[in-house]
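First the structure, in the form of C-alpha cells, and then the observations on it.
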Amino acid sequence: MSTSANGSDGIDVVVFDTTLRDGEQTPGVSFAVPDKVKVAKKLEEMGVPVIEAGFPINSEEEAEAVRQIAEAVEGSTICALARVVDADVQAALDCGVDMVHVFVPTSEVQIKHALHATPQKVVERTQSAIKRVKDAGVACMFSPMDATRTDPEFLVEICQIAEEAGADWINLPDTVGVGTPRSVQEMVERVRRHVQTPISIHCHNDFGLAVANTLAAVEAGARMVQVAMNGIGERAGNASLEQTVMALHCLYGKRTGLKTEKLYELSRLIERLTGIPTPPYQPVIGANAFSHESGIHAAGVLEKPSTFEPGVMTPEMVGHRRRIVIGKHAGTHAVQQALEEAGLHPTDEELREIVRRVKSLGGKGKRVTYADLFAIAESVMARVPKGQRALELEQIVVTTGNKTVPTASVVARVGSETRTAAQLGVGPVDAALKAVRAILGEHPRVEIVEFHLDAISGGSDAVATVLVTVEDETGRRTSAQAAHEDIVIASVEALVAAVNQLMRLRSAQAQGQPQQRPKLEQEVA
Ligand code: KIV
Ligand code: ZN
C-alpha cells in the first residue's frame with residue numbers, strides 16, 4: 001500500500017490510475033491477465049499511488065488479474081471496483097486489495113432507469129456496502145455515480161451519509177462528461193462545504209473537457225484525480241493521465257510524485273496492448289507533440305526550444321524526443337542539420353537545391369521520408385555510396401496459402417557478410433518483415449513502429465505504397481517508403497531502406513560527426 005494514497009509524502013495531488021478498469025471499458029479493449037500485471041508494475045515504477053486494477057465481479061479472469069496485481073505490486077495502493085452489492089464487495093475483498101471503490105447511481109435518471117430503485121434504497125445500500133468494506137479493515141472510496149447530473153441537495157446528503165459510514169475518499173464522477181470547468185468547480189466546492197472526507201474527481205471526455213474539468217476540480221480543492229493513460233475509457237474516454245499530470249506539474253505547480261520521464265514509454269505500451277493508435281497530434285505523448293516542420297519554428301527551436309514549445313514542459317521531462325520534420329514547410333536550417341547529423345556536408349548551393357527538391361516533393365502532397373531526403377541529397381551531391389549500404393537484400397522467397405503457415409526466407413548482405421533467415425508470420429508480409437528483422441539479429445535492435453499500406457485502387461495489378469518507420473534501442477526513428485505491384489516486395493524494400501538510413505545515422509554519430517546542436521533529434525516525416 002502506498003503511503004501517498006493518503007495524501008502524505010509531500011505530494012499535492014494523488015493520482016488514481018484507472019487504465020486497467022475504466023480504461024479497459026473502452027469499446028473493443030480487453031487486456032490479458034499477464035498484460036494487466038505488466039501495466040500495473042509499470043504504473044508502480046512510475047510512482048502512481050493508487051491503481052484501480054479491475055472490477056472483480058465481472059468475471060473469474062478479471063478477479064484473477066486483480067488478485068495477481070494485489071500480490072505483485074507493493075509500492076502502490078491496489079483498488080478494486082464494486083457496486084453497493086454484497087457479492088461485488090465480497091468479490092473485491094477476496095482479491096486481497098488495499099481499497100474497495102464502491103459506486104451507486106445517484107442521478108434521478110440512473111436511479112430510475114439503470115438501478116430501478118429509489119433514493120432511499122440508494123442510501124441504505126451505500127451505508128451497508130461501506131460498512132462491509134470498513135469492517136474488513138480495508139480503505140473505502142465511495143462514488144455517487146453521475147454526480148454532475150445528481151440533484152445537488154441529494155448529492156450532499158449521500159456524501160454525508162458515506163462520510164458517516166466511514167468512507168476514506170469521496171469520488172465525484174462526471175459519468176457522461178457533461179460537466180464544465182465552472183460546474184465541476186461549484187460541485188466540488190459545494191460538497192467540500194459539507195464533508196471533511198477528501199474529494200476525488202473522475203471526468204469523462206464526451207465534450208473534450210475531461211482534463212479541463214479535472215483541473216478545475218483540483219482548483220476547487222479536490223485532492224485526488226482519477227485518470228487513464230492515453231485518456232482511454234468508456235465512450236470518449238477519461239481524463240488522460242499524461243495531460244493531467246503534466247498540466248498539474250508545469251502549469252499549476254502541483255506535485256504528484258510521478259516519474260514523468262516514464263510517460264512516453266508507458267503510453268506506447270498501452271497503445272500496443274489496446275491496439276488503439278495514438279493520434280500524432282495528441283498532447284504530451286503524440287508523435288508530433290515536440291515535432292516541428294515549418295522553417296520559422298524549426299529554426300527558432302534549433303536556437304532555443306522555448307521559442308516554439310511551452311518551455312515549462314520539455315520532451316525529456318516525459319521521455320519523448322524533439323524532432324525536426326523535413327517536408328513542404330521545411331527551412332534550410334533544418335535540412336542542413338538533418339544532413340550534417342548523417343555526415344553529409346553540402347555546399348550552400350547544393351543545400352539550396354536539396355531544399356528546393358524537398359519542398360517540391362512535399363508540395364506534391366508526398367510525405368518526405370528520411371530515405372527520400374538522403375536520396376535527394378546524394379543525387380544532388382553526386383556522392384551515392386554505391387555498394388556501401390549496411391543491408392543489401394539479395395533474395396526473398398515467400399510461401400503462403402490456405403493450408404500452410406505463411407513463411408518467408410531471406411538472403412541478404414549485412415556489411416560484408418551474407419546471412420540467411422526464415423520466419424513464419426500471420427501473413428506473407430508479416431513473415432517477410434520478420435525474416436528481414438531476423439537477418440539483422442539483436443545488434444542493433446530494430447523495431448518496426450509504423451507500417452502503413454496505402455489503399456490500393458485500380459485492378460489487382462495496382463501499385464501498393466508502403467511506408468515503414470523503424471526505431472532503434474535509443475529511440476531514434478527513420479522512415480522510408482517503397483512502391484511495387486507486389487505488396488511483399490514493397491514492404492521489404494521500404495523496411496530495408498528505413499534500416500539503411502537508420503544505420504547510416506548511427507554510424508555517422510558513432511564516428512562523432514559534428515553536431516552543431518547535439519540535443520536535437522532529427523527525423524524526416
Ligand atoms: O464514470 C463513472 O461514473 C465511473 C464510476 C464507476 C466511478 O466510472
Ligand atoms: Zn468512468
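Quick notes
- Selection count where residues are at positive phi and within 14 Å of ligand 1 (Cβ to nearest atom), scope the stretch 14-47: 0
- Per-region count, the stretch 229-268, residues open to solvent by less than 10 Å² (accessible area, probe 1.4 Å) and away from ligand 2 (no atom under 16 Å from the Cβ): 8
Matching residues to (1) out of contact with any His (no Cβ under 8 Å at 6 or more places or on another chain); (2) open to solvent by less than 10 Å² (accessible area, probe 1.4 Å); (3) under 27 Å from residue 157 (Cα atoms):
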residue	(1), (2), (3)
14	yes, yes, yes
35	yes, no, no
64	yes, no, no
70	yes, no, no
87	yes, no, yes
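- Residues located in the stretch 289-310, provided they are free of Cβ contacts under 8 Å to residues at least 12 places away in the same chain and in a loop (DSSP other than H, G, I, E, B): 304
- Test result for residue 85, more than 17 Å from residue 162 (Cβ to Cβ) and touching a helix residue (DSSP H, G or I) at 6+ places or on another chain (Cβ under 8 Å): no
- Positions within the stretch 386-431 being surrounded by 14 or more Cβ atoms within 10 Å (Cβ to Cβ), among the β-branched types (Val, Ile, Thr) and part of a strand (DSSP E or B), in sequence order: 396, 398, 400, 407, 410, 411, 414
- Condition check for residue 57: in a loop (DSSP other than H, G, I, E, B), open to solvent by 10 Å² or more (accessible area, probe 1.4 Å) and either in contact (Cβ under 8 Å) with a residue 60 or more places away in the chain or within 13 Å of ligand 1 (Cβ to nearest atom) (or both): no
- Residues of the stretch 242-286 that are in the same structural domain as residue 215 (by TED's automatic domain parsing), over 17 Å from residue 18 (Cβ atoms) and among the hydrophobic types (A, V, I, L, M, F, W, C): 246, 247, 250, 251.
- Tally of residues being within 18 Å of residue 143 (Cβ to Cβ), of a type in the set (S, T, N, Q) and surrounded by 19 or more Cβ atoms within 10 Å (Cβ to Cβ) across the stretch 179-219: 5
- Identity of the residue in the stretch 317-366, open to solvent by 30 Å² or more (accessible area, probe 1.4 Å) and among the β-branched types (Val, Ile, Thr), that ends up nearest to residue 245 (Cα to Cα): 332
- Scanning the stretch 133-154 for residues that are more than 16 Å from ligand 2 (Cβ to nearest atom) and either surrounded by fewer than 23 Cβ atoms within 10 Å (Cβ to Cβ) or without any contact (Cβ under 8 Å) to a residue 24 or more places away in the chain (or both) turns up 134, 135, 136, 137, 138, 139, 151, 152, 153, 154.
- Against the test of being within 16 Å of ligand 1 (Cβ to nearest atom), in the same structural domain as residue 127 (by TED's automatic domain parsing) and modelled with pLDDT of 95 or more, the options 65, 92, 70, 87 yield a single qualifying residue, 92.
Quick grid of which residues meet (1) at positive phi; (2) within 13 Å of ligand 1 (Cβ to nearest atom):
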residue: 107; (1), (2): no, yes
residue: 112; (1), (2): no, no
residue: 116; (1), (2): yes, no
residue: 121; (1), (2): no, no
residue: 124; (1), (2): no, no
residue: 132; (1), (2): no, no
residue: 158; (1), (2): no, no
residue: 169; (1), (2): no, yes
residue: 172; (1), (2): no, yes
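- Filter result for residue 125 (assigned by TED's automatic domain parsing to the domain that holds residue 20, open to solvent by 40 Å² or more (accessible area, probe 1.4 Å) and in contact (Cβ under 8 Å) with a residue 40 or more places away in the chain): yes
The values are calculated or read from the model by the stated rules, or taken from the named source; none is laboratory data. Keep in mind it's a predicted model, so treat the numbers as computed, not measured. When we count neighbours, we look across all protein chains shown, and the Cβ atoms used for this are built from the backbone with ideal geometry, even at glycine. What goes into the accessible areas is simple: the full protein's heavy atoms, side chains included, and nothing from ligands, DNA or RNA. Shrake-Rupley method; radii C 1.70, N 1.55, O 1.52, S 1.80 Å.
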